[in-house]
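To keep things clear, I will list the structure first and then write my remarks on it.
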């Protein structure tokens, strides 16, 4: 779709990609390590995908979650597939810390706390690349 922001651009900082989807690192100072798994074609709902594609997409989502747990060491990881604002299938994989601005609410809620965001490892991106490659293999594309 020509007006879909996820169809019109590859996304932010691509960490991994194959023919089905891409993993991007979101530039969000409050949530270091926040990633999105974005389907490479315009589809609105998980149930619109063939079963094999659904399984493959969730394999990638779970690999991102595991990589974030290893590298960022959050207290919790939130997984969300909303699409209300952008009806293009994508998953948010968000590392959460008990002291983050919104905890325990969703990051889209009003902040509960002020203060500094959790510190990101200085080598966050390279460590995520290694952790993702270990789980998903090197990106074929």
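A few points about this structure:
- Test set (1) assigned to a loop (DSSP other than H, G, I, E, B); (2) within 13 Å of the chain's Cα centre (by Cα) - residue 64 fails condition number: (1)
- Among the residues of segment 43-56, the ones that are touching a residue at least 24 places away in the same chain (Cβ under 8 Å) and either closer than 14 Å to residue 12 by Cα or exposed (fewer than 14 other Cβ atoms within 10 Å of the Cβ) (or both) come to 3 in all.
- Residue 126 falls short on exactly one of the conditions (1) in a helix (DSSP H, G or I); (2) in contact (Cβ under 8 Å) with a residue 24 or more places away in the chain; (3) surrounded by fewer than 17 Cβ atoms within 10 Å (Cβ to Cβ), and that condition is (2).
- If only residues of segment 62-78 that are free of Cβ contacts under 8 Å to residues at least 60 places away in the same chain and buried (at least 20 other Cβ atoms within 10 Å of the Cβ) are counted, the one that is farthest from residue 123 (Cα to Cα) is 65.
- Whichever residue in segment 98-112 is surrounded by 13 or more Cβ atoms within 10 Å (Cβ to Cβ) and within 16 Å of the chain's Cα centre (by Cα) and, among such residues, is nearest to residue 15 (Cα to Cα): 107
- Qualifying residue in segment 16-38 (condition: assigned to a helix (DSSP H, G or I), crowded, with 17+ Cβ neighbours inside 10 Å, out of contact with any strand residue (DSSP E or B) (no Cβ under 6 Å at 6 or more places or on another chain) and touching a residue at least 40 places away in the same chain (Cβ under 8 Å)): no
- Selection from segment 82-107 of residues that are in contact with a strand residue (DSSP E or B) (Cβ under 9 Å, 6 or more places away or on another chain), farther than 13 Å from residue 32 by Cβ and assigned to a loop (DSSP other than H, G, I, E, B): 82, 83, 88, 89, 98, 102, 103, 104, 106
Every number in this text was worked out from the coordinates using simple rules, so none of it is lab data. From a predicted model like this one, the values you see are computed outputs, not experimental measurements. Here Cβ is always computed from backbone atoms with ideal geometry, including for glycine, and neighbour counts include all displayed protein chains.
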